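A.B. asks: I'd like to ask some things about the structure below.
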Amino acid sequence: MAYDADDVTFKKGVAIVEKLGLLAKANPALGDDLRAHTITALFGTIWTREGLELQERSLITLASLISLNREHELRLHFRGARNLGISKEKIEEVILHLAHYSGWPTAITANTVLTEVWDEMDQEEEG
């Protein structure tokens, strides 16, 4: 199934993905159709809706991914959160809060991944 790169919703999705800075570290094995559908349906439709600010959507996404223990996606969305100006301390507070709901192992994994991503991004900024 082909996608239309000129589609307005696709373009809106690309703009969100660029703000989050997700393309640089996205899974290269992701097929073109799945990538285009994700950009259009998720980022172009859901992330651009009124009612929640972009930072709020990012924190909600982080909370879901932390609770589900989705390490690969956490790496991407921790980057996105930082690119949106969400502080490491705020994310750590989310992790601490979720430890009581999703369990200590998910919180420990999330905190480990957060530290790795932050350190990696610090090194990228220095280099």
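What follows draws every value from the coordinates through simple rules; no lab data is involved. Quick caveat, the model's predicted, so the values are computed rather than measured. Reconstructed Cβ throughout: ideal geometry from the backbone, glycine too, with neighbour counts over all protein chains shown.
A.B. asks: Picking from T9, L30, T48, whose Cα lies most toward the positive end of the charge dipole for region 1-49 (charges on Cβ: Lys, Arg +1; Asp, Glu -1)?
C.D. replies: T48
A.B. asks: Suppose a student asked you for the relative contact order of region 4-54, using Cα pairs under 8 Å spaced at least 6 residues apart; what percent would you report?
C.D. replies: Details: 38 pairs, mean separation 26.9, N = 51.
Averaging sequence separation for qualifying contacts and normalising by length gives 53 percent for region 4-54.
A.B. asks: Could you line up S58, S64, S87, S102 from fewest to most neighbouring Cβ atoms inside 10 Å?
C.D. replies: The most exposed by this proxy come first: S87, S64, S102, S58.
A.B. asks: Now, a different point. Two decimals is fine: what is log10 I(q)/I(0) at q = 0.16 Å⁻¹ for region 1-49, from a Debye sum with one equal scatterer on every Cα and no solvent?
C.D. replies: So the normalised log intensities are -0.38.
A.B. asks: Where the centre of each part is set by its Cα atoms, how far does region 94-127 sit from region 1-76, in angstrom?
C.D. replies: Going from one Cα centre to the other spans 20 Å.
A.B. asks: At 222 nm, what helix-only mean residue ellipticity would the chain give, in deg cm²/dmol to the nearest 500, using -39500 (n - 2.57) for each DSSP H run of four or more?
C.D. replies: On the way: 6 runs with 85 residues, N = 127.
Calculated mean residue ellipticity at 222 nm is -21500 deg cm²/dmol.
A.B. asks: Pick from L30, L114, L98 the residue whose mean-square fluctuation is largest in a GNM of the chain, springs joining Cα atoms under 10 Å.
C.D. replies: L30
A.B. asks: Cα convex hull of region 1-102: how many Å³ per residue?
C.D. replies: Details: hull volume 10.3 nm³, N = 102.
Value for region 1-102: 101 Å³ per residue.
A.B. asks: Tell me which lysines have Cα within less than 25 Å of K88's Cα, excluding those fewer than 8 residues away on the same chain?
C.D. replies: Result set, ordered by chain and number: K19, K25.
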